[in-house]
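Encoded as structure tokens, the structure appears first; notes follow it.
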Amino acid sequence: MAAVFIYLLLVAGIVYFISSRKNLGCRVFPGAFQSKGFHQRPVPEEVWKQVYETASMDEARLIRTRLAEEGIECVLYEQGKRGIHGNLLAGIGLATPATVVEKAQSIIAKIPA
């Protein structure tokens with residue numbers, strides 16, 4: 001009977017240790033770019049604003065990488081609507097949470113053209 005109790009105590013300790021280690025990876029301030037495997041869910045009420053638009057996907061990815069290095073979360077999107085004359089829009093946009101728009105735009109302004 002004592003052996004069963006010791007095994008249960010050991011299993012509970014292991015489960016507690018594993019769960020406490022998982023939570024350490026999620027303690028990041030809001031809006032931060034998180035490491036691989038730990039993705040914070042976006043807040044539905046949060047407002048996102050466009051900070052940059054380009055026609056080149058490579059340029060957009062370069063800027064997204066630079067913003068990620070600075071800890072700014074951003075998304076790339078391709079405009080899917082057509083213009084007033086039926087032409088496809090060629091723009092690739094970058095959007096960030098409204099709370100970090102000024103910081104993101106200052107970083108983008110410093111990137112050499």
**OP:** Tell me, yes or no, whether segment 62-77 has at least one residue that is assigned to a loop (DSSP other than H, G, I, E, B), of a type outside the set (A, V, I, L, M) and in contact with a helix residue (DSSP H, G or I) (Cβ under 6 Å, 6 or more places away or on another chain).
**Re:** yes
Original post:
Any chance segment 72-79 includes a residue that's at pLDDT below 75 and either within 14 Å of the chain's Cα centre (by Cα) or of a type outside the set (Gly, Ala, Ser) (or both)?
Top reply: no
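The values are calculated or read from the model by the stated rules, or taken from the named source; none is laboratory data. Note that this is a predicted model, so its numbers are computed, not measured. Cβ coordinates were reconstructed from backbone atoms using ideal geometry, including for glycine residues, and neighbour counts include every protein chain displayed.
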